[in-house]
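Input: a single structure, listed below in structure tokens.
The values are calculated or read from the model by the stated rules, or taken from the named source; none is laboratory data. Just so we're clear, the structure is a prediction, and the values are computed from it rather than from any experiment. We place every Cβ from the backbone using ideal geometry, glycine too, and count neighbours over all the protein chains shown.
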């Protein structure tokens, strides 16, 4: 698996993970949060930067992605 980012923050009330992108992440990409045993996969349906929807996160950018399950800070994010 190719690591594309790391979770830097999680807002549990709204279910949004803030991810620092290590590589480009596009809307519609399938992502894996965590490892094979304890993680989960989901499609990046929508991403936001500075409270505005964006189609792609560039390397080094921090973006918000709505997630289906709770994630912890420091969780690696992979391209699935």
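On the stretch given as the range 46-69, residues that are surrounded by fewer than 12 Cβ atoms within 10 Å (Cβ to Cβ) and over 12 Å from residue 27 (Cβ atoms) total 5. Looking across the range 44-71, the residues that are assigned to a loop (DSSP other than H, G, I, E, B) and within 18 Å of residue 2 (Cα to Cα) come down to 44, 58, 59, 60, 61.
Does the range 1-11 contain at least one residue that is modelled with pLDDT under 95, closer than 21 Å to residue 59 by Cβ and in a loop (DSSP other than H, G, I, E, B)? Looking for residues that are modelled with pLDDT under 95, closer than 21 Å to residue 59 by Cβ and in a loop (DSSP other than H, G, I, E, B), one finds at least one in the range 1-11, hence yes.
Suppose the filter is touching a residue at least 12 places away in the same chain (Cβ under 8 Å) and under 12 Å from residue 67 (Cβ atoms); does residue 18 pass it? Taking the combined requirement at face value, the residue satisfies it. Counting only residues that are within 18 Å of residue 59 (Cα to Cα) and loosely packed, with under 14 Cβ neighbours inside 10 Å, the range 25-45 holds 3 of them.
On the basis of being part of a loop (DSSP other than H, G, I, E, B) and in contact with a strand residue (DSSP E or B) (Cβ under 7 Å, 6 or more places away or on another chain), does residue 23 make the cut? Criteria met by residue 23.
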